[in-house]
Amino acid sequence: MIIGTAGHIDHGKTSLVKALTGTDTDRLAEEKARGITLDLGFAYASTADGHTLGFVDVPGHEKLVRHMLAGASGIDHVMLVVAADDGPMPQTREHLAILDLLGLSSGVVAITKSDRVSPARLDDVGAELRALLAGSSLAQAPLLPVSARTGAGIEALQAHLRDTAAALPARPATGQFRLAVDRSFSLAGIGTVVTGTAAAGRVAVGDKLVVSPSGKPVRVRGLHAQNREAREGGAGQRLALNLAGVEKTEIARGDWIVAEAIHAPTRRIDARIRLLAGEAQPLAHWTPLHLHLGAVDVSARVVLIESEPVAPGTSAFVQLELQRPIGALHGDRFILRDQSALRTLGGGVVLDAFAGSLRRRRRDRPAALSALSQPTAAEALAALLALEPPEGVALARFATLWNLPPPEAEALARDVPHRSLRSEAEGALAFAPTQIERLSMRLREVLTNHHKRTPDSPGMTAEQLHRAMTAPRPPQPVFAALLRELIGARDLERGGPYLRLAGHEASLQGADRKLWERLAPWLGEGGWNHPPKLSDMLARDRSLHREAVTRLLRKAARLGLVYEVGAEYFILAAHLRELATRAQSLAEADEHRRLNVKTFRETTGISRHLSMPLVEFFDHIGFTKRDPVGRKIRRNATAMFDAG
């Protein structure tokens with residue numbers, strides 16, 4: 001069990017920890033000289049039944065609350081220390097507010113220096129504390145008078161801690177490993193060591209991890225769990241990790257040591273916050289403040305999601321724009337302090353650690369954050385899908401947000417009903433089952449109407465189709481993923497840049513059809529190696545106009561009947577496929593595996609006038625690529641021109 005102290009300066013926190021453990025947690029020379037705690041201190045005690053109690057002793061000075069917050073991460077039990085002679089003081093109240101905001105409800109109140117006051121004074125302090133604790137997370141905490149000087153009450157406090165540790169259920173080591181670094185130092189002959197309380201998962205000697213947010217890869221060379229050398233450790237334990245691959249200067253308090261899969265630094269967090277009731281002013285948009293999460297202290301600004309400022313004593317959804325990247329995941333609790341870092345404003349819990357900009361989606365965001373407030377990942381995913389977000393839910397990112405190991409992520413995707421599309425950037429995107437059906441129907445409807453209006457059109461480009469889908473238009477990544485699925489399912493077909501419904505055959509109509517029937521025999525009569533020039537066809541019939549013929553042949557090209565090669569040639573698809581196949585064969589037979597234009601011309605018998613536009617056309621469409629040696633074949637001719 002990890003026990004964290006809290007309380008006002010000079011109320012005897014460090015002396016009490018020493019009485020309980022025999023360890024003086026003031027390790028700095030300045031601390032010993034001044035008689036006050038300036039930074040975190042750590043001590044351990046073993047119980048008769050084999051439990052190890054870990055103590056995190058925090059400074060009580062108002063200017064050192066940032067250190068107190070760094071030590072509050074991961075504690076199981078609070079020991080709020082109040083001196084009997086002073087009673088509750090300003091930092092008593094601030095620390096209590098912080099503990100309440102962090103949701104720490106298991107604790108004890110130690111009334112120290114009890115030997116200095118009368119029984120009546122003890123009763124008065126007890127009554128004052130009960131009034132102070134009422135309504136807080138520690139409302140039910142026992143009050144135990146103690147004296148570190150005489151030893152009075154120490155045994156009762158030890159018994160309380162021992163019984164609490166025995167009853168404390170083991171923290172499940174679920175999720176992938178995370179540890180918030182509260183100390184980093186170097187030992188001669190050992191190297192870099194970091195300490196902290198493991199927030200999730202398990203770690204073992206030899207594991208490869210990542211320092212976040214820097215991304216520095218490290219390996220666990222050795223570890224201590226609860227102040228004892230061990231081969232592995234897990235969630236809820238104080239750990240010291242000896243890391244290989246990183247210097248002391250490359251890691252600091254506030255960093256995380258994490259499994260590589262959950263290394264995902266963020267500079268924008270969506271959260272639910274609560275503003276302390278004692279605040280004089282509402283929390284306004286773009287207020288600068290300090291965010292304390294894990295062991296990090298980072299400057300941030302508040303972006304209001306709902307229109308009104310956050311009133312004292314109320315809760316609200318907000319976005320926090322951070323000055324620099326930090327590590328954060330769903331469920332992480334945090335504290336907010338004012339810009340000068342002298343006053344605690346409130347606190348909250350992370351709902352979306354990978355939040356996007358609110359510029360276009362502020363109206364929908366409260367519902368999404370309410371969904372993410374559900375107690376389990378499965379309930380949150382189901383609630384999100386019910387909202388039918390146009391962008392879907394990226395399952396890999398959702399699993400990272402909730403720190404789900406692969407088996408749990410797979411089970412989640414299996415158990416929560418959804419339809420998924422595969423995005424190139426995000427992987428699987430989950431949608432409500434009927435959402436994809438409606439999107440598919442809208443897309444088919446757009447194409448159906450297009451085919452009816454323009455039966456001679458080869459279809460629509462992806463850009464035209466996306467633009468034609470009326471609001472709510474799917475985001476581009478979702479649209480692209482939907483196209484891939486429909487093409488893979490053979491509901492849609494692609495011909496060059498055009499998309500059409502499966503089975504749709506575009507055909508020339510009316511006057512265009514009649515003109516094509518005149519020109520098609522001329523295009524074919526010279527065979528695959530002697531296509532006619534456009535000017536020659538026009539010379540055969542002086543009634544033909546160049547503009548009309550060119551327009552018709554370009555329409556035929558969009559239908560895949562011909563290819564436009566240079567300014568003078570329109571080559572039938574079957575003939576161009578034959579030319580490309582012969583070009584590929586010549587390149588494969590060449591010692592440099594390159595296509596030589598002269599050899600190509602002489603072997604096929606094509607004219608000099610055609611050869612250069614043809615190979616340049618091959619370059620343009622990506623069939624060949626020119627280099628100093630010749631032209632390299634980049635794609636298989638049969639596959640590339642089969643649709644012709």
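If the only charges are +1 at each Lys and Arg Cβ and -1 at each Asp and Glu Cβ, what is the size of the charge dipole of the chain around the Cα centre, to the nearest 20 debye? Write down the numbers at each step before the final one.
Details: 81 positive and 71 negative charges, 510 e Å.
Dipole size: approximately 2460 debye.
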query = Helix 546-558: angle to the longest alpha-carbon principal axis of the chain, degrees 0 to 90, nearest 10?
reply = 50 degrees
Sorted peptide list for 624-632, 574-582, criterion being average Cβ within 10 angstrom, highest first = 574-582, 624-632
query = How far apart, in nm, are the 7 Å Cα→Cβ label points at S340 and E591?
reply = 8.5 nm
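Given a cut-off of under 8 Å on Cα pairs at least six residues apart, what relative contact order in percent is computed for the stretch 145-200? Provide the component values of the computation, followed by the final result.
Numbers: 48 pairs, mean separation 14.1, N = 56.
It rounds to 25 percent for the stretch 145-200.
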request  = On a 0 to 90° scale, report how tilted helix 608-621 is relative to the longest principal axis of the chain, with both axes built from alpha carbons and the result rounded to the nearest 10.
outcome  = 20 degrees
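To the nearest 0.05, what FRET efficiency results for K625 and E308 with a Förster distance of 56 Å applied to their C-beta separation? Write down the numbers at each step before the final one.
On the way: r = 61 Å, r/R0 = 1.08.
After rounding to 0.05, the efficiency reads 0.40.
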ask   = Going down the table (K13/K248; K555/K625; K514/K625; K208/K625), which pairs top 32 Å between alpha carbons?
value = K514/K625; K208/K625
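May I ask you to order 282-294, 113-125 by the average number of other C-beta atoms within 10 Å around their residues, highest value first?
Numbers: 282-294: 19.4, 113-125: 15.2.
Averaged packing, sorted descending, gives the order 282-294, 113-125.
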query = What does the accessible area per residue of the chain come to in Å², with a 1.4 Å probe and no ligands, DNA or RNA counted?
reply = 46 Å²
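Please say if the stretch 493-644 is rounded, prolate or oblate, where rounded means a/c under 1.5 for a ≥ b ≥ c the square roots of the C-alpha gyration tensor eigenvalues, and otherwise the choice is prolate for a/b larger than b/c and oblate otherwise?
Working: a/c = 2.46, a/b = 1.44, b/c = 1.70.
It is oblate, given that a/c is not under 1.5 and a/b is not larger than b/c.
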Accessible surface of the stretch 91-138 [probe 1.4 Å, protein heavy atoms]: carbon and sulfur percent = 52 percent
ask   = How large are Rg and Dmax for the stretch 421-468 when only the alpha carbon atoms are used, in Å?
value = 13.4, 37
Among [x] 1.18; [y] 1.41; [z] 1.13, the entry derived from the coordinates for Cα Rg over 2.2 N^0.38 Å = [y]
remark   = Placing each pseudo-label 7 Å from Cα in the direction of the beta carbon, E155 and E568 end up separated by a distance in nanometres of 11.3 nm
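Translational diffusion coefficient, Stokes-Einstein: compute it for the stretch 275-379 using the Kirkwood radius over C-alpha pairs as Rh, at 37 °C and 0.692 mPa s, and state it as an integer in µm² s⁻¹.
Working: Rh = 14.3 Å.
D, rounded to a whole number, is 230 µm²/s.
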query = If you project the alpha carbons of the stretch 182-305 onto the principal axes, what extent comes out on each, in Å, largest first?
reply = 53, 27, 25
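Given R₀ = 56 Å, FRET efficiency for E616-R359 by Cβ-Cβ distance, to 0.05? Write down the numbers at each step before the final one.
Details: r = 45 Å, r/R0 = 0.81.
After rounding, the FRET efficiency stands at 0.80.
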query = What does the highest-first list of 585-591, 617-623 look like by mean Cβ count within 10 Å?
reply = 617-623, 585-591
ask   = Helix 406-415 versus the longest principal axis of the chain: what angle, 0 to 90°, nearest 10, using Cα atoms?
value = 70 degrees
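Give the carbon-plus-sulfur fraction of the accessible surface of the stretch 152-207 in %, rounded to a whole number; probe 1.4 Å, heavy atoms of protein chains only. Working shown, then result.
Details: 1320 of 2380 Å².
Of all accessible area on the stretch 152-207, carbon and sulfur atoms account for 55 percent.
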task = With a point put 7 Å past each Cα toward its Cβ, work out how far A367 is from L544 in nm, to one decimal.
result = 6.0 nm
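Report the semi-axes of the equivalent ellipsoid for the stretch 127-239 in whole Å, largest first, where each axis is √(5λ) for an eigenvalue λ of the Cα gyration tensor.
On the way: eigenvalues 255, 63, 43 Å².
Gyration-tensor ellipsoid for the stretch 127-239: 36, 18, 15 Å.
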message = For a test of the definition: using alpha carbon positions, the gyration tensor, and the 1.5 limit on a/c, classify the stretch 590-634 as rounded, prolate or oblate.
response = oblate
query = What is the mean projected area of the alpha carbon convex hull for the stretch 72-152, to one decimal in square nanometres?
reply = 5.2 nm²
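The values are calculated or read from the model by the stated rules, or taken from the named source; none is laboratory data. All of these numbers come straight from a predicted model, not from anything done at the bench. Counting neighbours? That spans all protein chains shown, and the Cβs are built from the backbone with ideal geometry, glycine included. Quick note on the areas: whole protein, heavy atoms, side chains included, nothing else; ligands and nucleic acids left out. Shrake-Rupley method; radii C 1.70, N 1.55, O 1.52, S 1.80 Å.
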